[in-house]
Amino acid sequence: MNDTHQTRNRLGEETSPYLQQHADNPVDWYAWGPEALETARRENKPILLSIGYSACHWCHVMAHESFEDEDTARLMNERFVNIKVDREERPDLDKLYQTAHAMLTQRAGGWPLTMFLTAHDQMPFFGGTYFPKEARYGLPAFRELLQRVADFHQQHGDEIERQNASLQSALGEVYAQRETGMPLNSAALDQARAELAQAFDSHDGGFGAAPKFPHPASIERLLRHWALTCDGGGADDHARHMALFTLEKMALGGIYDQLGGGFCRYSVDDQWMIPHFEKMLYDNGPLLALYAQAAAAAGEPLFERIARETADWVMREMQSPEGGYYASLDADSEGEEGRYYVWTPDEARELLPPDAYETLARRFGLDHPPNFEGRWHLHVFKDLETLAAKTGRPVKETEVLLDTARATLLAARERRVRPGRDDKILTSWNALMIRGMAIAARHLGLNRCTESADRALDFIRATMWRDGRLLATYKGGRAHLAAYLDDYAFLIDAILELLQVRWRTDELLFARELAEVLLAHFEDKEHGGFFFTADDHETLIQRPRALADEAMPAGYAIAVQALSRLGHLLGETRYLEAAERALRAAAYAMEQAPSAHCALLTAFEEHLHYPQVAILRGEGEDLDRWAQACIRPYAPRRLCFALPAQADDLPPALADKPVEEQTVAYLCTGMTCSAPIRAAAELEAALEGTT
């Protein structure tokens, strides 16, 4: 960090820890903005655009090799205008230039992303990802590449202009809305399930081969597919198995932090044993929700433990004193990837009594050969029943012994040099974690998760909501950057989940305000659907729209689902119509690649099969007991809102559900509501069989 001394370039005042990491580089870095773009135009220099993020290992490598090197920096400064971008703060730029990279190189992108742009229009004419200081890995030396690119830009301007025009046209095609006129039907739901089954690893769980990512949207789709088929009497147990087996394998693997809780970004092997050690908030929010849902669906103690430990890790290490959640933890500490997390048998043996060490070693593989660069990363090798049988202890006693040993090792680990933490607070990622906390509170009765989510939402409302619009990022007392579709959509979705745990009318009204902004500024009024950036956002080389799930569920999809749910709750047909228009606009994408659009299919499922909305009115223990009957089971197409009798300022659709002398329930599907239900047994009967 560079808060206390003079930096060598312009990045020291930025809110991004990633940009601040480069503030002392000899490279004359700019942040993306008018100053940088005008300088490039005025000096007629190409732009070197470098996109990364603070927890990115290869970003650190390229920085140490090239951006900290005086000779390389001198060449960069002489021949280019150099712009650093944090892809987490500017996902709009990252989406555009990753897509352009794929078109130019015919290869997948990644980080660091290195793109060379023409100054007058910011169109990329060459690009790549990591480039080494010296030629290796089949890649040219970075300094040699810089010289060649600068010379080519100077000597072949006409050729670059022709390529840019062609690329601009191709990008326009990528982001164009394809209308098919086809009716929406359920075939895509079945096709997505079939595609996921084809990719499913029946031995180790997950989908495809290493590197293995968690893919929470795919797992949720399978769980929901199973729940939907249960309604029809022909439960798809294999869909359930694929989801739960994958969650089990991840929970027992090294991608999960077996001491501290929480998940790393991905596994480098098929067995989930060795992760890429960075921990991202955007993974852990959806995974927290999934493990809580799986615990409710399967009654499996393992899933409940993983949800509890993940939530506790977030509250312990990732929640700021102000209430918001931090973005990520680095993979590296003391200059080495994974150093903070790995062990030697001797280190563990010194900390534990012999019986505890022996049990822990067998459980987590310390009695096996090292699995990570001569050391041991903890990964479950033996189940509790086998361990108990070997030691002659009961299973429960073995579990308690292991929990105590894990706590001892965790306490010792916390005295090590910690990985770097990216302590900026992103609205969209916070919304994913607020949703995860709310779902954990809902299914597992974790009041501390409700309190954590409350603090985060209060922070977002107080700090990131300004003059009727959201801001995207915050650090060190400064919130800035216009919010994206994901920020609005994820936050509406999170509020609807949190309202099911406890009621606050002002939050419902806030969700309605967010929905109005979303429709006013992000909807494609001509074709339906939603752009990623607002209509008054900075003009870029294209206005992107993103329908497919990536590491996070597509904001487009969550916007559809959130508007639909909010529309049913408020009786607001404009929201329902906008959601339907968006689904029709996305029909081509869902038909062409169903399993790439799992979140969109979930929104589509709720269009085909309306969610059941339970409105409860009452007081005290009765209201709470009725609410628990609604929200504790796994019923993904049920929403339940328990409104205290004294709740006021309610929108008309809720105000017309009157309070009676006793607790009363109204069950609504679509625009139709049941007669008042006045007995708990009658409510349970009405809920039975609904998912």
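The values are calculated or read from the model by the stated rules, or taken from the named source; none is laboratory data. Since the model is a prediction, treat every value here as computed from it, not as a measurement. In this analysis, Cβ positions are derived from the backbone assuming ideal geometry, glycine residues included, and neighbour counts consider all displayed protein chains. Note: accessible area is taken over every heavy atom of the protein model, side chains too, but ligands, DNA and RNA are not part of it. Shrake-Rupley method; radii C 1.70, N 1.55, O 1.52, S 1.80 Å.
Looking at 240, 265, which one is touching an Asp or Glu at 6+ places or on another chain (Cβ under 8 Å) and of a type in the set (D, E, K, R)?
Values: 240 fails: touching an Asp or Glu at 6+ places or on another chain (Cβ under 8 Å).
Residue meeting the stated conditions: 265.
Residue 379 - would you say it is modelled with pLDDT of 95 or more and touching a Lys or Arg at 6+ places or on another chain (Cβ under 7 Å)?
The answer is no for residue 379.
Among the residues of region 245-252, are any in a helix (DSSP H, G or I), open to solvent by less than 70 Å² (accessible area, probe 1.4 Å), acidic (Asp, Glu) and within 30 Å of residue 384 (Cα to Cα)?
Initially, region 245-252 is screened for residues in a helix (DSSP H, G or I), giving 245-252.
Among the residues that remain, those that are also open to solvent by less than 70 Å² (accessible area, probe 1.4 Å) are: 245-247, 249-252.
Imposing the further condition that a residue be acidic (Asp, Glu) reduces the set to none.
The answer is no, given that none of the residues of region 245-252 is in a helix (DSSP H, G or I), open to solvent by less than 70 Å² (accessible area, probe 1.4 Å), acidic (Asp, Glu) and within 30 Å of residue 384 (Cα to Cα).
Which ranges mark the helices (runs of 4 or more DSSP H) fully within region 543-641 that have 2 or more residues being in contact with a Gly (Cβ under 6 Å, 6 or more places away or on another chain) and surrounded by fewer than 24 Cβ atoms within 10 Å (Cβ to Cβ)? Walk me through it before giving the result.
Working: elements: 555-570, 573-585, 587-592, 598-608, 620-631.
Hits in region 543-641: 573-585.
Out of region 196-235, which residues are among the β-branched types (Val, Ile, Thr) and closer than 12 Å to residue 247 by Cα? Full working, then the answer.
Restricting attention to region 196-235, the residues satisfying the condition of being among the β-branched types (Val, Ile, Thr) are 219, 229.
219, the sole residue that qualifies.
Give me a count of the residues in region 398-412 that are hydroxyl-bearing (Ser, Thr, Tyr) and surrounded by fewer than 19 Cβ atoms within 10 Å (Cβ to Cβ).
The first filter runs over region 398-412 and keeps only residues hydroxyl-bearing (Ser, Thr, Tyr), leaving 398, 404, 408.
With the extra rule that they be surrounded by fewer than 19 Cβ atoms within 10 Å (Cβ to Cβ), the set shrinks to 404, 408.
Adding up the residues that qualify gives 2.
Looking at 404, 473, which one is over 30 Å from residue 538 (Cα atoms), of a type in the set (S, T, N, Q) and touching a helix residue (DSSP H, G or I) at 6+ places or on another chain (Cβ under 9 Å)?
Values: 473 fails: over 30 Å from residue 538 (Cα atoms).
Unique residue meeting the criteria: 404.
Of everything in region 476-504 that's part of a loop (DSSP other than H, G, I, E, B) and among the aliphatic types (A, V, I, L, M), which residue is surrounded by the fewest Cβ atoms within 10 Å (Cβ to Cβ)?
Top of the filtered list is 501.
Report whether or not residue 101 is open to solvent by 40 Å² or more (accessible area, probe 1.4 Å), under 25 Å from residue 134 (Cα atoms) and part of a helix (DSSP H, G or I). So that I can check it myself, show each step before the final result.
On the way: open to solvent by 40 Å² or more (accessible area, probe 1.4 Å): no; under 25 Å from residue 134 (Cα atoms): yes; part of a helix (DSSP H, G or I): yes.
The answer is no for residue 101.
Residues checked against (1) at pLDDT 95 or above; (2) closer than 23 Å to residue 282 by Cβ; (3) of a type in the set (D, E, K, R):
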position	(1), (2), (3)
197	yes, no, no
200	yes, no, no
213	yes, yes, no
220	yes, yes, yes
228	no, no, no
231	no, no, yes
234	no, no, no
241	yes, no, no
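Could you tell me which numbered condition residue 401 fails, if it satisfies all but one of (1) closer than 20 Å to residue 263 by Cα; (2) touching an Asp or Glu at 6+ places or on another chain (Cβ under 9 Å); (3) in a helix (DSSP H, G or I); (4) not small (Gly, Ala, Ser)?
Exception for residue 401: condition (1).
List the pairs whose first member sits in region 174-197 and is among the β-branched types (Val, Ile, Thr), whose second member is open to solvent by less than 40 Å² (accessible area, probe 1.4 Å) and modelled with pLDDT of 85 or more, and whose Cβ atoms are under 7 Å apart, counting only residues at least 6 apart or on separate chains?
Short answer, once both residue conditions are applied: 174/99; 180/587.
Is it true that residue 515 is surrounded by 23 or more Cβ atoms within 10 Å (Cβ to Cβ), within 15 Å of residue 470 (Cα to Cα), under 23 Å from the mean Cα position of the chain (by Cα) and hydrophobic (A, V, I, L, M, F, W, C)? Give the steps one after another, and end with the answer.
Details: surrounded by 23 or more Cβ atoms within 10 Å (Cβ to Cβ): yes; within 15 Å of residue 470 (Cα to Cα): yes; under 23 Å from the mean Cα position of the chain (by Cα): yes; hydrophobic (A, V, I, L, M, F, W, C): yes.
When the stated conditions are applied, residue 515 passes them.
Within region 271-288, does at least one residue satisfy the condition of being at pLDDT 95 or above, under 19 Å from residue 601 (Cβ atoms) and open to solvent by less than 20 Å² (accessible area, probe 1.4 Å)?
yes
For region 44-62, give me each residue that is more than 26 Å from the chain's Cα centre (by Cα) and either among the aromatic types (Phe, Trp, Tyr) or buried (at least 17 other Cβ atoms within 10 Å of the Cβ) (or both). It would help to see each step written out before you state the result.
Step one: of region 44-62, the residues more than 26 Å from the chain's Cα centre (by Cα) are 44-48.
Listed by number, the residues that qualify are 45, 46, 47, 48.
Table: residues versus (1) more than 25 Å from the chain's Cα centre (by Cα); (2) among the aliphatic types (A, V, I, L, M); (3) open to solvent by 50 Å² or more (accessible area, probe 1.4 Å).
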residue	(1), (2), (3)
336	yes, no, yes
356	yes, yes, no
364	yes, no, no
375	yes, no, yes
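Could you tell me whether residue 18 is touching a helix residue (DSSP H, G or I) at 6+ places or on another chain (Cβ under 7 Å), open to solvent by less than 60 Å² (accessible area, probe 1.4 Å) and of a type in the set (Ser, Thr, Tyr)? Spell out how you get there, then give the answer.
Details: touching a helix residue (DSSP H, G or I) at 6+ places or on another chain (Cβ under 7 Å): no; open to solvent by less than 60 Å² (accessible area, probe 1.4 Å): yes; of a type in the set (Ser, Thr, Tyr): yes.
So residue 18 fails the test.
Yes or no: residue 316 within 28 Å of the chain's Cα centre (by Cα) and among the basic types (Lys, Arg)? Let's see the steps before the verdict.
Numbers: within 28 Å of the chain's Cα centre (by Cα): yes; among the basic types (Lys, Arg): yes.
It is true that residue 316 is within 28 Å of the chain's Cα centre (by Cα) and among the basic types (Lys, Arg).
Output the residues belonging to region 267-298 that are among the hydrophobic types (A, V, I, L, M, F, W, C) and under 25 Å from residue 428 (Cα atoms).
At the first step, the residues of region 267-298 found to be among the hydrophobic types (A, V, I, L, M, F, W, C) are 268, 272-274, 277, 280-281, 287-290, 292, 294-298.
Within region 267-298, 277, 280, 281, 287, 288, 289, 290, 292, 294 meet the criteria.
Any idea how many residues of region 140-181 are at pLDDT below 90, open to solvent by 50 Å² or more (accessible area, probe 1.4 Å) and not β-branched (Val, Ile, Thr)?
Residues flagged as at pLDDT below 90, open to solvent by 50 Å² or more (accessible area, probe 1.4 Å) and not β-branched (Val, Ile, Thr) within region 140-181 amount to 4.
Looking at (1) without any contact (Cβ under 8 Å) to a residue 60 or more places away in the chain; (2) under 29 Å from residue 436 (Cβ atoms), find the lone condition where residue 368 falls short.
The failed condition is (2).
Here is a list of conditions, (1) over 30 Å from residue 612 (Cα atoms); (2) in a loop (DSSP other than H, G, I, E, B); (3) not hydrophobic (A, V, I, L, M, F, W, C), and residue 473 meets all of them except one; can you say which number that is?
(2)
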